[in-house]
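The values are calculated or read from the model by the stated rules, or taken from the named source; none is laboratory data. In this text, all values refer to a predicted model and were calculated from it rather than measured experimentally. Counting neighbours? That spans all protein chains shown, and the Cβs are built from the backbone with ideal geometry, glycine included.
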Amino acid sequence: MVARGGRRGLALHRAAGAKWREPVRQLFEDFAARTPGSLVEEKTASIAWHYRMADPEFGASQANELRLHLASILSNEPVEILPVVKAIEVRPHGLDKGRVVETVVAAAPAGSILAALGDDRTDEDMFAALPAGALAGKTIVFDVKVLAVEPPKASPPKPTN
């Protein structure tokens, strides 16, 4: 993801993020170590703790505790704490997926079909930034939300005769 201002804008966010990023990464690593099935994902401008594969109740409980810790250590930092689908993400305030939509739409060749797909809170900014009336213009934009669906539980094996 590249914010308005191109790579320079992202570099400024990285520099500003140096102060908060290491304590958050360490806290996420601590929670990952004590929550089986969880992991830390370091992104270009943000960092996330995922508990999708953890025990559902324990993972949710750990996520609540983690949010409290984050709120305490980040209260004066220019970041957002986002609860997303079975994850918690911390990102610089004002840096989101919606910031790139304008650039993508402007760079798309005439007749291009652009699709915006996503499944959690971090995608809402992208959906909100899609141009109004795009269907009437040269670019067609689809606003699609993908809902998380739990896989069906496996049936017990049938006895063989």
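Observations on the model:
- Residues of the range 72-99 that are part of a helix (DSSP H, G or I) and surrounded by fewer than 17 Cβ atoms within 10 Å (Cβ to Cβ): S72, I73.
- Condition check for V85: within 18 Å of T122 (Cβ to Cβ), among the aliphatic types (A, V, I, L, M) and assigned by TED's automatic domain parsing to the domain that holds A116: no
- Within the range 50-71, restricting attention to residues that are in contact with a Ser or Thr (Cβ under 8 Å, 6 or more places away or on another chain) and either in contact (Cβ under 8 Å) with a residue 40 or more places away in the chain or among the aliphatic types (A, V, I, L, M) (or both), the residue that is surrounded by the most Cβ atoms within 10 Å (Cβ to Cβ) is A54.
- Considering only residues in the range 120-134 that are part of a loop (DSSP other than H, G, I, E, B) and at pLDDT below 70, the one that is surrounded by the most Cβ atoms within 10 Å (Cβ to Cβ) turns out to be D120.
- Here F58 clears all of (1) touching a helix residue (DSSP H, G or I) at 6+ places or on another chain (Cβ under 8 Å); (2) assigned by TED's automatic domain parsing to the domain that holds R21; (3) of a type in the set (A, V, I, L, M, F, W, C) except the condition numbered (1).
- Taking each residue of the range 81-101 that is of a type in the set (V, I, T) and looking for partners that are assigned to a strand (DSSP E or B) and surrounded by fewer than 20 Cβ atoms within 10 Å (Cβ to Cβ) with beta-carbon atoms closer than 6 Å, six or more apart or interchain, yields V90/I81.
- Test for S38: is it touching a residue at least 24 places away in the same chain (Cβ under 8 Å), in contact with a helix residue (DSSP H, G or I) (Cβ under 8 Å, 6 or more places away or on another chain) and in the same structural domain as R21 (by TED's automatic domain parsing): yes
- Of the listed requirements (1) surrounded by 17 or more Cβ atoms within 10 Å (Cβ to Cβ); (2) touching a residue at least 24 places away in the same chain (Cβ under 8 Å), T44 misses just one: (1).
- Options K153, K138: the member that is loosely packed, with under 15 Cβ neighbours inside 10 Å, part of a loop (DSSP other than H, G, I, E, B) and modelled with pLDDT under 60: K138
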